[in-house]
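Peer 1: The structure under discussion is supplied below as C-alpha cells; questions concerning it will follow.
The values are calculated or read from the model by the stated rules, or taken from the named source; none is laboratory data. Everything quoted here is computed from the prediction, not taken from an experiment. Cβ placement follows ideal geometry from the backbone for every residue including glycine, while neighbour counts extend to all protein chains displayed. When the accessible area is computed, the model is the full protein with side chains, heavy atoms only, and any ligands, DNA or RNA have been set aside. Shrake-Rupley method; radii C 1.70, N 1.55, O 1.52, S 1.80 Å.
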Amino acid sequence: MGGVVLHHHAPAQLTDVVGVALLPFGQALEKFGQWIVSSHEVAVQHDVQQIDGDLQSVEIHPREDGVFDGVVDDGPAEVAGVLDVESSHLGLVGDGVSAQFESGAEPLPHVLDVGGALVSFAGGIEVPAAEVGGVLVHPVYDALIQIKSETRHELSFFPNSFDDYVPKDSTVRMVDRIVRSMDINPLMDTYDGIGAPPYSPKMLLSLVVFAYINGVYSCRGIADVLKYDVRYMWICGGKRLSFATINRFRTNHMIKCIDFYFDAVVSILVEKGVISLEEQYVDGTKIESKANKYTFVWKKTVEKNRAKLLEKTSAALDQIKEQIRLNDGSDIREEDSEPATSAKDVERSARLCERQVKNLPKAKLTGREKQKLNTQIDHLFKASDKLREYEKSLDILGERNSYSKTDPDATFMRLKEDAMNNGQTKPAYNLQIATENQYWTNFALYHNPTDTLTFKPFLDKYKKRHGKQSKCVTADSGYGSEENYEYMEMEEMVGYVKYNWFHKEQHKPFKEDVFNQANFYYNKDEDYYVCPMGQHMNPCGQRQTKSDSGYVSVITLYRAQRCEGCPLGSLCKKAKGNRTIYVNHKLNAYKKKAFLLLTSEEGMKHRSQRPIEPEAAFGQMKEDMHYKRFWHFGKDKVYMDIGLFGIGFNLKKHLGIKR
C-alpha cells in the first residue's frame with residue numbers, strides 16, 4: 001500500500017488544517033483534502049489528486065473497535081502504527097500534535113482522545129495529553145527512534161586485542177610495569193621443570209598483586225574476576241585460570257620468595273625518594289586466624305591431664321605385675337619396674353606384661369581372671385596412645401600456652417574485635433609492622449600476644465632485610481623494657497620508645513606521693529635511699545629475674561632500719577616488718593634517658609607522628625581494604641598472604657589507587 005501523510009503547515013483552526021500527500025522514497029507531493037475534527041469522528045474530505053499521472057483518493061475514518069480504516073486506490077487496507085515520511089508511513093497531524101499510524105506494521109502504544117471519545121489505535125496505553133482548539137488530544141511521536149542492532153552473538157572478522165580495552169594510563173598497566181621490572185629469577189628457581197609448561201610467573205605475580213590491591217584475596221575470587229573484569233583479562237591475555245592454578249602459584253612458589261619481592265618493592269620506593277629507611281615506626285596488631293575459636297588446646301590442661309593419666313597408668317601397671325607374681329610369673333627386671341614417664345615407657349611395659357600373661361600356667365589362672373588381665377593391658381595400650389597425643393601437643397605448644405587444633409601455629413589471644421564483649425580468646429597471630437611515611441618497610445608474625453618480646457627479633461629482621469639498621473625507631477610503651485633499651489643502645493639507635501609509667505609519672509598525684517619509691521631520694525655515691533621519715537634504706541641483697549626471652553635482670557633490695565613505731569608506717573607500707581623496696585638501677589637509667597629523648601623537640605615530633613604511621617596503616621588495612629582475618633592455615637602460608645598484602649598496600653599508596 002502507498003504511504004500518505006497528512007501534515008499541518010501553519011497554525012490555523014483545527015477545521016482548516018491542510019495536509020500533504022506523500023508517496024514513499026521521495027516521490028512527488030501535491031496538496032489535497034482537508035482535515036476536519038468533530039466531537040466523535042475524524043475524517044478527511046478529499047479531492048481527486050494526480051500523482052505521477054495516477055489518480056489517488058484518500059479516506060480515513062474510525063471504526064467501532066478503535067482502529068482506523070484507510071482506502072487508497074479504492075482498495076481497503078487496515079492502517080495502524082507510526083511511520084515516517086521516508087518509508088511508507090501514514091499519519092494524522094494536527095496543531096503541533098500528531099496521531100500517527102502504520103500500514104502493515106505492528107501496532108504501537110498510542111491513544112487519541114477526541115471530544116471525550118477514546119479512540120485507541122495500537123495497544124491503548126495513554127501518553128501525556130495536550131489541549132488543541134478545545135479538544136483533548138493525546139500526542140504521539142512523529143517518527144521512529146532508530147535503535148542500533150545488538151552484536152552480542154556476532155563474530156568479528158578482525159579479532160580485537162585486550163590491549164584496545166585498557167587505557168594507556170590505566171593503573172593496571174602501571175602495576176604490571178612495576179611487577180615485570182623486578183627480577184624473576186627467585187620465582188623461577190621454585191619451579192622444577194617437571195610436567196606441563198607452567199603459566200608465566202610474571203603474569204601470575206602481576207595478577208595476584210593487582211588483585212590484592214583491589215581487595216580480592218581468595219583464589220576463587222581472583223578466578224571469578226578473570227571472567228568479567230577486562231583489567232584482569234588484560235593481564236592474563238584472556239586466559240581463564242582456575243582457582244587451583246592461582247592457589248598452587250601462591251602456596252608452592254610465592255611462599256618461598258615472598259620476602260624478596262616485598263624487599264624489591266621497598267627498594268623501588270627508596271629509589272623514587274618516597275622513603276629513606278632512616279627511621280621506622282613500629283606497632284603491632286592481632287589478626288584472627290582462619291581456625292575456629294572453639295578448637296583450643298591449653299598447655300596447663302594438657303600437663304594436668306597427662307600427669308593424671310601417668311599416675312593412673314602406674315597404679316594399673318603395679319596391679320598387673322602383682323597379679324603376675326602371685327601366679328608364678330617370671331620376675332620383672334629392675335629396669336622394667338621403674339615408673340613410666342612417657343607413652344613409650346607405658347607401651348613397653350604393656351607389651352612385657354602381655355607376654356608374661358600368655359606364659360602363665362593355665363592351672364593358675366581361670367579364664368575369667370586371664371580375661372580381666374588382658375582387659376587391663378588393653379587399657380594400658382589405649383593410655384599410651386593418649387599419652388602420645390599429649391606429648392605431641394606439648395611439642396606443638398613449645399613455650400606457648402595454647403594453640404588451635406586446625407591451625408597449630410595460631411595462639412589464642414584476646415582481640416579488640418570482641419563481638420560478645422566477654423574477653424573471649426580467639427586463635428590469632430601477632431602482626432608487627434614498621435612504617436615510614438605510611439609505607440610498610442618490614443613485617444613479621446609472632447606467637448607472643450604481647451609486643452615486648454617481639455621488638456628485638458623484629459629489629460633484627462629489619463637489619464637482615466635491608467642490610468642496615470635505621471637511625472631511629474619510635475614505638476609505644478608496650479615495647480619499653482630493659483632488654484629492648486639495651487638492644488637499641490648496642491645498635492646505636494635513637495629510640496623514642498615509651499616505658500609503662502611514662503605518662504602516669506608526669507601527673508601531679510604521682511609526683512606528690514611521698515610514699516612512692518620512685519620519689520625517694522637516692523644517694524648514688526653511698527648507695528642508699530631515704531624514706532619519708534628520713535631513715536636510710538641500705539642495700540640488703542640482690543636477686544635475678546629472667547624474662548620469657550631468657551634475658552636476666554638484676555634487682556637490688558633496699559630495706560629501712562627500723563619501721564616499728566613509725567607514725568607514717570600505716571601510710572608507707574602494708575607488709576609486716578621493715579619496708580623493703582626493689583630497684584632495677586639499669587632500667588631506671590634507661591628510663592631517664594628515654595624521658596629526655598621523648599620530651600625533647602625531636603621526640604615530641606616523633607611521638608605525634610607515631611599515631612598516624614603504623615596505626616593509620618592498620619586502619620586502612622582493616623577498614624578500607626577489609627583485611628581483618630587471615631585466609632590460610634599455617635604460619636608459612638599466612639606469612640605469604642600478609643606479604644602479598646604488604647606489596648599491594650605499598651603499590652596502591654604509591655600509585656594513588658582508590659577502590
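Peer 1: Every residue in the stretch 438-452 that is closer than 21 Å to GLU486 by Cβ, modelled with pLDDT of 90 or more and surrounded by fewer than 22 Cβ atoms within 10 Å (Cβ to Cβ), please.
Peer 2: Matches in the stretch 438-452: ALA444, TYR446, THR452.
Peer 1: Related question: Looking only at the stretch 179-206, count how many residues are loosely packed, with under 14 Cβ neighbours inside 10 Å and assigned to a helix (DSSP H, G or I).
Peer 2: 3
Peer 1: Quick test of your reading of the structure: TYR212 fulfils all but one of (1) without any contact (Cβ under 8 Å) to a residue 12 or more places away in the chain; (2) under 23 Å from PHE630 (Cβ atoms). Name the failing condition by number.
Peer 2: All conditions pass for TYR212, except number (1).
Peer 1: Here is a further query. With the condition kept exactly as written, say whether any residue in the stretch 514-527 is within 30 Å of PRO449 (Cβ to Cβ), assigned to a strand (DSSP E or B), under 55 Å from the mean Cα position of the chain (by Cα) and not polar (S, T, N, Q). Give the derivation first.
Peer 2: Just the residues of the stretch 514-527 that are within 30 Å of PRO449 (Cβ to Cβ), to begin with: 516-518.
Restricting the remaining residues to those that are assigned to a strand (DSSP E or B) gives none.
The answer is no, given that none of the residues of the stretch 514-527 is within 30 Å of PRO449 (Cβ to Cβ), assigned to a strand (DSSP E or B), under 55 Å from the mean Cα position of the chain (by Cα) and not polar (S, T, N, Q).
Peer 1: Only residues that are of a type outside the set (Phe, Trp, Tyr) and within 30 Å of HIS447 (Cβ to Cβ): list them for the stretch 500-548, please. Before you say what the answer is, go through the steps one by one.
Peer 2: From the stretch 500-548, those of a type outside the set (Phe, Trp, Tyr) are 500, 503-509, 511-514, 516-519, 523-527, 530-548; that's our starting set.
Scanning the stretch 500-548 gives ASN500, HIS503, LYS504, ARG543, GLN544, THR545, LYS546, SER547, ASP548.
Peer 1: If only one of THR450, THR441, THR454 is within 20 Å of TRP298 (Cβ to Cβ) and either of a type outside the set (Gly, Ala, Ser) or touching a residue at least 40 places away in the same chain (Cβ under 8 Å) (or both), which one is it? Explain how you work it out, then say what you get.
Peer 2: Numbers: THR441 fails: within 20 Å of TRP298 (Cβ to Cβ); THR454 fails: within 20 Å of TRP298 (Cβ to Cβ).
Unique residue meeting the criteria: THR450.
Peer 1: Condition first: within 23 Å of VAL270 (Cβ to Cβ) and loosely packed, with under 14 Cβ neighbours inside 10 Å. Now tell me which residues in the stretch 645-659 satisfy that. I'd like the intermediate steps shown before the answer.
Peer 2: The initial filter retains those residues of the stretch 645-659 that are within 23 Å of VAL270 (Cβ to Cβ), namely 645-657.
Residues satisfying the conditions are LEU655, GLY656.
Peer 1: Among ILE647, ILE657, which is the only one that is of a type outside the set (Gly, Ala, Ser) and either assigned to a loop (DSSP other than H, G, I, E, B) or free of Cβ contacts under 8 Å to residues at least 24 places away in the same chain (or both)? Full working, then the answer.
Peer 2: Details: ILE647 fails: either assigned to a loop (DSSP other than H, G, I, E, B) or free of Cβ contacts under 8 Å to residues at least 24 places away in the same chain (or both).
Being of a type outside the set (Gly, Ala, Ser) and either assigned to a loop (DSSP other than H, G, I, E, B) or free of Cβ contacts under 8 Å to residues at least 24 places away in the same chain (or both) holds for just one of ILE647, ILE657, which is ILE657.
Peer 1: Further question on the same structure: Please list, ordered by first then second residue, the pairs with beta carbon atoms under 7 Å, 6 or more apart or interchain, first in the stretch 425-437 and within 20 Å of THR452 (Cβ to Cβ), second among the β-branched types (Val, Ile, Thr) and open to solvent by 10 Å² or more (accessible area, probe 1.4 Å).
Peer 2: LEU431/THR285
Peer 1: Okay, moving on. Across the stretch 153-178, which residue is modelled with the lowest pLDDT among those that are open to solvent by 70 Å² or more (accessible area, probe 1.4 Å) and among the charged types (D, E, K, R)?
Peer 2: That would be GLU154.
Peer 1: Of the residues that sit in the stretch 612-644 and are open to solvent by less than 30 Å² (accessible area, probe 1.4 Å) and in a loop (DSSP other than H, G, I, E, B), which one is farthest from THR295 (Cα to Cα)?
Peer 2: Only one residue fits best here, namely GLU613.
Peer 1: Which ones in the stretch 241-258 are open to solvent by 50 Å² or more (accessible area, probe 1.4 Å) and in contact with a Lys or Arg (Cβ under 7 Å, 6 or more places away or on another chain)?
Peer 2: Selection gives PHE243 alone.
Peer 1: Residue check: is LYS511 open to solvent by 20 Å² or more (accessible area, probe 1.4 Å), farther than 15 Å from ARG559 by Cβ and at pLDDT below 90?
Peer 2: Details: open to solvent by 20 Å² or more (accessible area, probe 1.4 Å): yes; farther than 15 Å from ARG559 by Cβ: yes; at pLDDT below 90: yes.
Yes, satisfied.
Peer 1: So, one more: Which ones in the stretch 380-437 are buried (at least 20 other Cβ atoms within 10 Å of the Cβ), among the charged types (D, E, K, R) and not in a strand (DSSP E or B)?
Peer 2: ASP407, ASP409
Peer 1: Okay, next question. Regarding THR556, is this residue within 22 Å of VAL514 (Cβ to Cβ), touching a Leu at 6+ places or on another chain (Cβ under 7 Å) and open to solvent by less than 60 Å² (accessible area, probe 1.4 Å)? Even if it seems obvious, please write down each step before you answer.
Peer 2: Details: within 22 Å of VAL514 (Cβ to Cβ): yes; touching a Leu at 6+ places or on another chain (Cβ under 7 Å): no; open to solvent by less than 60 Å² (accessible area, probe 1.4 Å): yes.
Taking the combined requirement at face value, the residue does not satisfy it.
Peer 1: Moving to a separate point now. I'd like the full set of residues that are assigned to a strand (DSSP E or B), over 11 Å from CYS531 (Cα atoms) and without any contact (Cβ under 8 Å) to a residue 40 or more places away in the chain, limited to the stretch 557-589.
Peer 2: Those that are assigned to a strand (DSSP E or B), over 11 Å from CYS531 (Cα atoms) and without any contact (Cβ under 8 Å) to a residue 40 or more places away in the chain: LEU557, TYR582.
Peer 1: Having 1 or more residues that are in contact with a Pro (Cβ under 8 Å, 6 or more places away or on another chain), at pLDDT 95 or above and of a type outside the set (A, V, I, L, M, F, W, C) is the bar; report the helices (runs of 4 or more DSSP H) wholly within the stretch 209-309 that clear it.
Peer 2: Numbers: elements: 219-225, 230-236, 243-248, 255-271.
The qualifying helices (runs of 4 or more DSSP H) are 255-271.
A quick yes/no check of all residues on (1) within 60 Å of the chain's Cα centre (by Cα); (2) modelled with pLDDT of 85 or more:
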{"site": "ALA315", "(1), (2)": "yes, yes"}
{"site": "ILE320", "(1), (2)": "yes, no"}
{"site": "GLN323", "(1), (2)": "no, no"}
{"site": "LEU326", "(1), (2)": "no, no"}
{"site": "SER330", "(1), (2)": "no, no"}
{"site": "GLU335", "(1), (2)": "yes, no"}
{"site": "GLU338", "(1), (2)": "yes, no"}
{"site": "GLU347", "(1), (2)": "yes, yes"}
{"site": "GLU354", "(1), (2)": "yes, no"}
